[in-house]
Amino acid sequence: DGRLTFYPGNQTVDLPFINFMKRHGTVFLNAYTNSPICCPSRAAMWSGLFTHLTESWNNFKGLDPNYITWMDLMEKSGYRTQKYGKLDYTSGHHSVSNRVEAWTRDVDFLLRQEGRPMVNLTGDRKRVRVMEADWRNTDKAVHWIKEEAVNLTQPFVLYLGLNLPHPYPSPYMGENFGSSTFLTSPFWLEKVAYEAIKIPKWSSLSEMHPVDYYSSYTKNCTGEFTKQEVRNIRAFYYAMCAETDAMLGEIISALRDTGLLKKTIVIFTADHGELAMEHRQFYKMSMYEGSSHVPLLVMGPGIKEQQQVPNAVSLVDIYPTMLDIARIPVPQNLSGYSLIPLLCGKAENEVSHRGPRPSWVLSEFHGCNVNSSTYMLRTGKWKYITYSDGRSVLPQLFDLSADPDELTNVAIKFPVTVHSLDRKLRSIVNYPKVSSSVKEYNKRQFISWKQSLGQNYSNVIANLRWHQDWLKEPKKYENAIDKWL
């Protein structure tokens, strides 16, 4: 959650290396994901293109494995490149459930698809390495810096992808479920200021926006939660962020120990945030700030120190920024704009050949736990969210300056603003058409998947994300799928 990198969010947990990057570099106050879920978001970051252009619709459908990323271009122009950890931006490997779950959003009943969010404390005050896989990848990156990077005559680019602070799988939910356990040790929990944790306000279930209600239900959050439960989920999430910060610290320390820190640009960002029980939801897949607002911090030679940038930026800006750093010509067809002018405190028009950076960012979502394609335009104080074809579901409008917690939808109150933001959005993307092609894609994928399984289909579908509800009335659900098809 990007709001943890600046005031007041940063009062809840101690993040010493994020703070180090802020002191020695620039923090972006309004950085957003282009799609609040792992694979589509990463596809945007690695390609520099919006989601409707990459057609990375869900956690199964990402970029073509041969897609030319900014790292490929840097390698071609003489950079030594190295990747460790979570990449997750190519098609076909994240989850079969994600490929075929669209049927659940097009039927008139609800199916839970996640475990109920819960916390789990492990180890004692000495247990530092909770997320061991991430630590192993961090160790590899540190070793590479100390053994390889330090001896290179050419410039290098190193990518480290961490899974934290992602919740962990909940074993009781079966192997095909998402991840609903917030896990940490007492060591990290002590970094959290419990008294600073805000308990989010919830609307009653009957007052919720219909898409929010659907998400809350599928994420298993419509039941009763005590204040203590909510506070704990948030505290454990912040503790997981503290563990992530320590991994960033290992990288910064390795660069400092090798004398590389002063000549290396370091970028810290994320694919999406975590709602951590805001709006009666956990996880991501939402345009609310907790889910869509990402951290973005940059430090290194030429980068302004102690700078806070208020401009709206997004992950598609990483691609042109990396090329700019490497002095590689930036292709004209990208959705993003280089961040270098903002990072160096220069006037935009001095550097950009494409004219000034737009004053808006676009995010869109077409995947699981949401029963409609969703589009978000963030500009100035406004966040405009619209769904599907723009008519069948009510839009939302939030004034983030007056209502940072996004509790009051003012779309009906400001029809002129809604009209002008919708017109702007339609000039960027023909969203009713995109929503319709996503629906067609979903159906085609389901049919080809179903055909590939033959006789085994009933058995396989009964064990995907919705298996706990499915097993109560399998015939009903099979009929619903036949009707949908």
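The values are calculated or read from the model by the stated rules, or taken from the named source; none is laboratory data. No experiment lies behind these values; they were computed from the predicted model shown. Don't worry about glycine lacking a Cβ; one is built from the backbone with ideal geometry, like all the others, and counts go over all protein chains shown. Areas reflect the complete protein model, heavy atoms only, side chains present, ligands, DNA and RNA absent. Shrake-Rupley method; radii C 1.70, N 1.55, O 1.52, S 1.80 Å.
Could you grab me the full set of residues in region 243-282 that are of a type in the set (D, E, K, R), in contact (Cβ under 8 Å) with a residue 40 or more places away in the chain and more than 30 Å from S204 (Cβ to Cβ)? Break it down into steps so the answer makes sense when it comes.
Start the filter on region 243-282 by keeping residues that are of a type in the set (D, E, K, R), which leaves 243, 245, 250, 256-257, 262-263, 271, 274, 278, 280.
Restricting the remaining residues to those that are in contact (Cβ under 8 Å) with a residue 40 or more places away in the chain gives 243, 245, 250, 257, 271, 274, 278, 280.
Answer for region 243-282, where residues must be of a type in the set (D, E, K, R), in contact (Cβ under 8 Å) with a residue 40 or more places away in the chain and more than 30 Å from S204 (Cβ to Cβ): E243, D245, E250, D257, D271.
Residue by residue, here is whether (1) open to solvent by 20 Å² or more (accessible area, probe 1.4 Å); (2) part of a strand (DSSP E or B); (3) in contact with a helix residue (DSSP H, G or I) (Cβ under 7 Å, 6 or more places away or on another chain) holds:
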| site | (1), (2), (3) |
| --- | --- |
| Q154 | yes, no, no |
| L160 | yes, yes, yes |
| N163 | yes, no, yes |
| T181 | no, yes, no |
| W188 | no, no, yes |
| K198 | yes, no, no |
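Within region 397-452, track down each residue that is of a type in the set (F, W, Y) and either outside any loop (DSSP other than H, G, I, E, B) or touching a Phe, Trp or Tyr at 6+ places or on another chain (Cβ under 7 Å) (or both).
Residues of region 397-452 that are of a type in the set (F, W, Y), as a first pass: 398, 414, 431, 441, 446, 449.
Once the filter is applied, which keeps residues that are of a type in the set (F, W, Y) and either outside any loop (DSSP other than H, G, I, E, B) or touching a Phe, Trp or Tyr at 6+ places or on another chain (Cβ under 7 Å) (or both), region 397-452 yields F398, Y431, Y441, F446, W449.
For T54, which of the numbered conditions (1) in contact with a Pro (Cβ under 8 Å, 6 or more places away or on another chain); (2) at pLDDT below 95; (3) polar (S, T, N, Q) fails to hold?
Every condition holds for T54 apart from (2).
Name every residue in region 256-313 that is of a type in the set (V, I, T) and within 23 Å of G48 (Cα to Cα), in order of residue number.
Taking region 256-313 and keeping what is of a type in the set (V, I, T), we get 258, 264-267, 269, 294, 298, 303, 309, 313.
Result: T264, I265, V266, I267, T269, V294, V298, I303, V309, V313.
For a quick check of your reading of the model, give me the residue pairs whose first member lies in region 142-156 and is touching a residue at least 60 places away in the same chain (Cβ under 8 Å) and under 20 Å from M247 (Cα atoms), whose second is part of a helix (DSSP H, G or I) and β-branched (V, I, T), with beta-carbon atoms closer than 7 Å and at least 6 apart or on different chains.
Sorted first by the residue in region 142-156, then by its partner, the pairs are V142/I251.
Is there a residue in region 245-261 that is aliphatic (A, V, I, L, M) and open to solvent by 30 Å² or more (accessible area, probe 1.4 Å)?
Taking region 245-261 as the starting set, the residues that turn out to be aliphatic (A, V, I, L, M) are 246-248, 251-252, 254-255, 260-261.
Now drop any that are not open to solvent by 30 Å² or more (accessible area, probe 1.4 Å), which leaves 261.
Scanning region 245-261 turns up at least one residue that is aliphatic (A, V, I, L, M) and open to solvent by 30 Å² or more (accessible area, probe 1.4 Å).
Pick from region 14-64 the residues that are part of a helix (DSSP H, G or I) and among the small types (G, A, S): which of them is surrounded by the most Cβ atoms within 10 Å (Cβ to Cβ)?
Let us first name the residues in region 14-64 that are part of a helix (DSSP H, G or I), namely 16-24, 38-47, 51-54.
In the following step, the residues that additionally are among the small types (G, A, S) were identified as 41, 43-44, 47.
Details: S41: 30, A43: 31, A44: 33, S47: 28.
If we take residues in region 14-64 being part of a helix (DSSP H, G or I) and among the small types (G, A, S), then A44 is surrounded by the most Cβ atoms within 10 Å (Cβ to Cβ).
Inside region 65-91, can you point out the residues that are touching a strand residue (DSSP E or B) at 6+ places or on another chain (Cβ under 7 Å) and assigned to a loop (DSSP other than H, G, I, E, B)?
Passing the criteria: P65, Y79, K86, L87, Y89, S91.
Just wondering, is there one or more residues in region 134-150 that are surrounded by 13 or more Cβ atoms within 10 Å (Cβ to Cβ) and at pLDDT below 95?
Checked against the condition, which is being surrounded by 13 or more Cβ atoms within 10 Å (Cβ to Cβ) and at pLDDT below 95, region 134-150 yields no hits at all.
Just one of N220, N232 is at positive phi and more than 18 Å from the chain's Cα centre (by Cα); which is it?
Unique residue meeting the criteria: N220.
Does R378 qualify as being closer than 22 Å to L53 by Cα, at pLDDT below 95 and either among the charged types (D, E, K, R) or open to solvent by less than 30 Å² (accessible area, probe 1.4 Å) (or both)?
Details: closer than 22 Å to L53 by Cα: yes; at pLDDT below 95: no; either among the charged types (D, E, K, R) or open to solvent by less than 30 Å² (accessible area, probe 1.4 Å) (or both): yes.
No.
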